[in-house]
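FYI, it's all coordinate maths here, none of it is from the lab. Quick caveat: nothing in here was measured; it's all calculated off a predicted structure. Here the Cβ is made from the backbone with ideal geometry for all residues, glycine too, and neighbour counts use every protein chain on show.
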Amino acid sequence: MSSDRPHPLEVVDAELQGAPGVAIRGEIDIAAVPELEHALDVAILESTGAFVLDLSGVEFLDSTGLRLVLRWRALLAREERSLAIVCPPGPVRKLFEVAGIADLLFLYESRQAAAAALVPARGRPTTTNGG
């Protein structure tokens with residue numbers, strides 16, 4: 001029996017190369033925003049250095065989710081911290097590209113690519129787009 005209901009949102013700790021981070025699974029839409037915003041605000045405020053946001057398990061991201069990503073980027077930038085985003089090719093990455101913000105973000109196709117970028121400089125990833 002198949003279900004058309006969206007997968008529930010899940011946020012889990014996902015440290016990478018010593019950098020704090022979270023992995024998100026499910027759909028990021030207007031219904032998920034309050035829970036997600038609170039979880040990431042706390043995770044960011046209780047950490048230091050570059051922060052990793054793993055979106056590889058996100059099946060859908062709407063404009064409210066896009067706004068949250070930009071908000072977290074700005075929150076970290078105020079403290080001269082970087083946001084490394086794991087976002088493989090697919091619909092979520094396409095949204096960043098169509099919205100014209102992909103070049104403003106540190107996007108990596110895999111956790112391995114993000115880890116490689118985090119090794120030399122803990123405070124800031126070394127490239128804007130990793131492979």
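The table below gives the values:
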| read-out | value |
| --- | --- |
| Sequence-separation-based contact order of region 10-130, relative, with Cα cut under 8 Å and 6+ spacing, percent | 25 percent |
| Mean Kyte hydropathy of -0.5 or more with a Cα span along the axis of at least 27 Å, helices from DSSP in the chain | none |
| Ordering of 13-21, 53-61 by packing [mean C-beta count within 10 Å, highest first] | 53-61, 13-21 |
| Which label in [x] 12, 42, 30, 14, 1; [y] 13, 48, 33, 5, 1; [z] 11, 28, 31, 24, 5, 1, 0 gives the computed P(r) over Cα pairs in 10 Å bins from 0, in percent | [y] |
| Net length gained if the chain between residue 46 and residue 78 were fully extended (0.36 nm per residue, minus Cα distance) | 10.0 nm |
| Proximal charge balance of residue 67 [Cβ under 12 Å; K/R count +1, D/E count -1] | -1 |
| Packing rank of 71-81, 102-112, 24-34, where each peptide gets the mean count of other beta carbons within 10 Å, highest leading | 102-112, 24-34, 71-81 |
